[in-house]
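Worksheet: the structure to be examined is printed underneath.
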Amino acid sequence: MWNGKKVSVALPTYNEKESIRACIDQFFATGVVDEVIVCNNNATPGTSEEVAQTRAVEVFETRQGYGWSLRKAVSEATGDIIVLSEPDGSFVPTDLFKLLSYASDFDVVFGSRTNSALIWSGANMGWFLKWGNWFAAKYLEFMFNTVALTDVGCTMRLLHRRDLDRITPHFTVGTSHFGLEMMLLVIQSRARFIEIPLNYKERVGQSMVTGSFRKTLVLGLQMLFFITWSRLRAAFGRGPVFAEPR
């Protein structure tokens, strides 16, 4: 609970058997998390057994993909404040307090992994990935004239329930650029948002996307196209129409 509001954490999992239990326990250890929803996305055998040893609720999504998994997890979350993260050890659960510290002033708080002072040794944030994310974020910032952005691929973020509910009907992406789609929808819904730097550590196990240069490059180009396509749709009056905030 944070300032009288229930806090939920949504975690997708596919290849995080070795780290997921510790991640869940660390989120609950903050003392402010009321609920952790883990979406098992055809995860490694033994993952469910690890989750069962915690207070987390496990749900299942058979459609393979980062986006499908997160969409299922947030749809099952019941909190007033929903925090997205990953259970691979790359994010620090206590950074939740950084996000929450802005929750009174902003509808959405995005994290950024590109601040060099907070990138830990061994983290999967080499030159190409760091500056590729920065470039895509600046392109998005330019195209939509937003507040300062430095990362389009950071999973860890906070949304208030009312703002999540406004953008959820417009989700279309089930793959790796779902986080970008969510960011674009937040921007177009005119929610008040900010980006803040977070710790980024070495993950446990291998990433299915950013561990490969080719896959990372393809994803980056896909993101740039998606930003351009979204801006053109908005310019021609074909963008999403949002319900009025409650």
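The values are calculated or read from the model by the stated rules, or taken from the named source; none is laboratory data. Please read all numbers here as calculations on a predicted model, not as lab measurements. Counting neighbours? That spans all protein chains shown, and the Cβs are built from the backbone with ideal geometry, glycine included.
Go through Lys215, Lys138 for me and flag whichever is over 17 Å from the mean Cα position of the chain (by Cα), at pLDDT 95 or above, more than 30 Å from Lys5 (Cβ to Cβ) and not hydrophobic (A, V, I, L, M, F, W, C).
Of Lys215, Lys138, the one residue that is over 17 Å from the mean Cα position of the chain (by Cα), at pLDDT 95 or above, more than 30 Å from Lys5 (Cβ to Cβ) and not hydrophobic (A, V, I, L, M, F, W, C) is Lys138.
Between a first residue in the range 176-202 that is in contact (Cβ under 8 Å) with a residue 12 or more places away in the chain and surrounded by 22 or more Cβ atoms within 10 Å (Cβ to Cβ) and a second residue that is assigned to a helix (DSSP H, G or I) and among the acidic types (Asp, Glu), which pairs have beta carbons less than 8 Å apart while being 6 or more apart in sequence or on different chains?
Listed pairs, sorted by first residue: Val186/Asp163; Leu198/Asp95.
Scan the range 118-151 residue by residue and report those that are touching a strand residue (DSSP E or B) at 6+ places or on another chain (Cβ under 8 Å) and in contact (Cβ under 8 Å) with a residue 60 or more places away in the chain.
Residues satisfying the conditions are Leu118, Ile119, Trp120, Ala123, Met125.
Report, by residue number, each residue of the range 124-140 that is buried (at least 18 other Cβ atoms within 10 Å of the Cβ) and part of a helix (DSSP H, G or I).
Leu129, Lys130, Gly132, Asn133, Ala136, Ala137, Leu140
Condition (residue is acidic (Asp, Glu) and out of contact with any strand residue (DSSP E or B) (no Cβ under 6 Å at 6 or more places or on another chain)) applied to the range 89-100: is it met by at least one residue?
yes
In the range 18-35, which residues are touching an Asp or Glu at 6+ places or on another chain (Cβ under 6 Å) and in contact (Cβ under 8 Å) with a residue 40 or more places away in the chain?
Scanning the range 18-35 gives Ser19, Ile20.
Taking the range 38-58 on its own, how many of its residues are surrounded by 16 or more Cβ atoms within 10 Å (Cβ to Cβ), over 23 Å from Glu202 (Cα atoms) and hydrophobic (A, V, I, L, M, F, W, C)?
Looking only at that region, the number is 2.
So Cys154 ticks every box in (1) in contact with a strand residue (DSSP E or B) (Cβ under 6 Å, 6 or more places away or on another chain); (2) exposed (fewer than 15 other Cβ atoms within 10 Å of the Cβ) but one. Which box is left unticked?
Cys154 satisfies every listed condition except (2).
Restricting the search to the range 157-172, which residues are surrounded by 20 or more Cβ atoms within 10 Å (Cβ to Cβ) and touching a Leu at 6+ places or on another chain (Cβ under 9 Å)?
Within the range 157-172, Arg157, Leu158, Leu159, Arg166, Ile167 qualify.
Going by the structure shown, is Thr62 free of Cβ contacts under 8 Å to residues at least 60 places away in the same chain, among the hydroxyl-bearing types (Ser, Thr, Tyr) and farther than 20 Å from Leu184 by Cα?
Considered against the rule, which asks whether it is free of Cβ contacts under 8 Å to residues at least 60 places away in the same chain, among the hydroxyl-bearing types (Ser, Thr, Tyr) and farther than 20 Å from Leu184 by Cα, Thr62 comes out as yes.
Exactly one condition in (1) crowded, with 18+ Cβ neighbours inside 10 Å; (2) closer than 17 Å to Phe193 by Cβ is false for Ser104; which is it?
Tallying (1) crowded, with 18+ Cβ neighbours inside 10 Å; (2) closer than 17 Å to Phe193 by Cβ, Ser104 fails exactly one: (1).
For the range 85-122, name all the residues that are among the small types (Gly, Ala, Ser) and under 17 Å from the mean Cα position of the chain (by Cα).
Passing the criteria: Ser85, Gly89, Ser90, Ala103, Gly111, Ser112.
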